[in-house]
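Scroll down for the structure; my scribbles are underneath it.
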Amino acid sequence: MYDLMGRTILITGASSGIGMAMAKLFSREGARLILCARRMDRLMLLAEELRAAHGTDMIALGLDVRDRRQVERAFQVELPQSFRAIDVLINNAGLSRGLDPLQKGSEDDWEEMIQTNISGLLHVTRQVVPTMLSRGRGDVVNIGSTSSHEVYPGGAVYCATKHAVDALTRGLRMDLVATPLRVTQISPGMVDTEFSLVRFHGDHDRAANVYAGMTPLSPEDVADAAMYALTRPPHVQVGEIVLWPTAQAASTLVARHQVLEESVPPDESTWRNFYELKE
Ligand SMILES: NC(=O)c1ccc[n+]([C@@H]2O[C@H](COP(=O)([O-])OP(=O)(O)OC[C@H]3O[C@@H](n4cnc5c(N)ncnc54)[C@H](OP(=O)(O)O)[C@@H]3O)[C@@H](O)[C@H]2O)c1
């Protein structure tokens, strides 16, 4: 009964990973889509695929969420009228850069993370939520992380941005409490996407090492969690879903297959800090 049929869903960061998996799932469920990202070529290919598979009504918006003026123009000028009644906003665009200790960190990397993960989410939310309020309905889904609740060595700035996403999610829920709008956060642990490739500036070997010997979440697992939240009845507001891979119990506690095979039953040596593999 509470399905996605005909609902207009805006996804930031739809050109890859979790955002792309959501676009595919929601398209299959009959939603109308607004796909946003900087890489328009990828969005066009995705749009073509989904139109052919499900006849999805959708639009691709080339958008850098860091650029406030560009975001304002996109929503106030470029978005066709027929796509302005947005039912669901998925704030997914985000990235990590680098894994250096804070004292050696790159200020450019920090700025990019802060501008994308915090300012970008705010810019889009500021444009979309008032239109939801004027229509008396809407869902905001922020993609947080287990890093919204934990920190790990070398990840201070990324974790700070995801802690900020958590604060913004909870604050927005408070600000909207007297309205029918719902605010949800999905907080995954390790997910196999382009995330690590972006973190390590395109270093494929280093990125592959992050997932070596364990089964991470798939982007489809995260899309499935969002689907659960969005299909609850209107009086149910899913606050947060935290998703861990079974082989991960903390940011720095990951069981690797080859280690498990060597030492049964597991003891302390079973566990390796997954960032040890970066060297
Ligand atoms: N993978 C994980 O282990 C993991 C775990 C927890 C949380 N997360 C969160 O999940 C979200 C999605 O990441 P992912 O894992 O799917 O990584 P991904 O495959 O690298 O996808 C990131 C998406 O964000 C978009 N993006 C980045 N900067 C942008 C900008 N300035 N403007 C617009 N779009 C931008 C990218 O599109 P363009 O480059 O085309 O713009 C891409 O579509 C992020 O918020 C991330 O922090 C990931």
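If you fit an axis through the alpha-carbon atoms of helix 121-135 and take the longest principal axis of the Cα set of the chain, what angle between them do you get, 0 to 90°, nearest 10?
40
Sort SER119, SER96, SER134, SER145 so that the residue with the fewest other Cβ atoms within 10 Å of its own Cβ comes first and the one with the most comes last.
With the fewest neighbours first, SER119, SER96, SER134, SER145 line up as SER134, SER119, SER96, SER145.
Have a look at HIS201, VAL77, ALA47 and report the one farthest towards the positive end of the charge dipole of region 8-248, computed about the Cα centre with Cβ charges (Lys/Arg +1, Asp/Glu -1).
Of the options given, the answer is VAL77.
When the scattering of region 1-94 is computed by the Debye formula from its Cα atoms alone, each counted once and equally, what is log10 I(q)/I(0) at q = 0.17, 0.24 Å⁻¹?
So the normalised log intensities work out to -0.65, -1.31.
Ignoring the sites themselves, what is the longest stretch of the chain with no trypsin sites (Lys or Arg not before Pro) in a DSSP loop and at most 16 other beta-carbon atoms within 10 Å?
By the stated rule (loop sites, at most 16 other Cβ atoms within 10 Å), 138-279.
Let's see if you can work this out: charge +1 on each Lys and Arg Cβ, -1 on each Asp and Glu Cβ, no other charges. What is the dipole magnitude of region 8-248 about its Cα centre, in debye to the nearest 20? Could you put the intermediate results ahead of the total?
Values: 24 positive and 28 negative charges, 156 e Å.
About 740 debye.
Restricting attention to the alpha-carbon atoms of region 8-248, what are Rg (one decimal) and Dmax (integer), both in Å?
Over region 8-248's Cα set, Rg and Dmax evaluate to 17.1, 51 Å.
State the Kirkwood hydrodynamic radius of region 115-180 in Å, one decimal place, computed from all pairs of distinct Cα atoms.
12.8
Can you give me the pair-distance distribution of region 169-239, C-alpha pairs, 5 Å bins, whole percents?
For region 169-239, the pair-distance distribution reads 3, 14, 19, 16, 13, 11, 10, 8, 5, 1.
Taking the 0 to 90 degree range and rounding to the nearest ten, how far is the long axis of helix 219-230 tilted relative to the main principal axis of the chain, both from C-alpha atoms?
Value to nearest ten degrees: 50.
Report, in degrees rounded to the nearest 10, the 0 to 90 angle that the Cα long axis of helix 156-175 makes with the longest principal axis of the chain.
Between the helix axis and the principal axis of the chain, the angle is about 40 degrees.
Only the coordinates and a few stated rules stand behind these numbers; no lab work does. Since this is a predicted model, take the numbers as computed values, not measurements. Counting neighbours? That spans all protein chains shown, and the Cβs are built from the backbone with ideal geometry, glycine included.
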